[in-house]
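A quick write-up on the structure given underneath.
The values are calculated or read from the model by the stated rules, or taken from the named source; none is laboratory data. Keep in mind the model is a prediction, meaning the values are calculated, not measured. Every residue, glycine among them, receives a Cβ derived from its backbone with ideal geometry; neighbour counts consider all protein chains shown.
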Amino acid sequence: MALSALNPNRFTEWEVITLFYSALEYGEALLDRFSTNIPHPKSHAERQTALSHQFDDELMTSYLYLHDQSEDARYRLKFFAEEDVAQLHQEEFTPIRDKIKSLLGI
């Protein structure tokens, strides 16, 4: 049996990973703009601490959830249906992107 027959959405795990890293890059842009006197974070933990000073609780929860889901996809080989990815995009990623774009004026 072909692998694609077992998992027709075989790259959805990478979609989840890219959602998190896209949120991370938006967070980096925010930190670059508003945290000029703080050294650039060198780890996820440092970045999470820095972002916790910029994000409200709801955005931080979304960011951490995307981080957890991306680790599940990358390291624990969790399967994500297309609907799961769409939900993560709409409910977790989009609010982060939209808020940061608004704060950056883009």
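Observations on the structure shown:
- For the range 21-73, the candidate set comprises residues that are touching a residue at least 40 places away in the same chain (Cβ under 8 Å), crowded, with 16+ Cβ neighbours inside 10 Å and among the hydroxyl-bearing types (Ser, Thr, Tyr); within that set, the residue that is farthest from residue 88 (Cα to Cα) is 26.
- Scoring residue 39 on the criteria (1) touching a Phe, Trp or Tyr at 6+ places or on another chain (Cβ under 8 Å); (2) part of a loop (DSSP other than H, G, I, E, B) leaves a single failure, condition (1).
- Boolean, residue 79 is at pLDDT below 90, hydrophobic (A, V, I, L, M, F, W, C) and either in contact with a helix residue (DSSP H, G or I) (Cβ under 7 Å, 6 or more places away or on another chain) or over 17 Å from residue 104 (Cα atoms) (or both): yes
- When the residues of the range 82-106 are filtered to those that are more than 12 Å from the chain's Cα centre (by Cα) and among the β-branched types (Val, Ile, Thr), the one that is modelled with the lowest pLDDT is 106.
- Where helices (runs of 4 or more DSSP H) sit wholly within the range 55-106, those with at least 1 residues that are among the aromatic types (Phe, Trp, Tyr) occupy 57-75.
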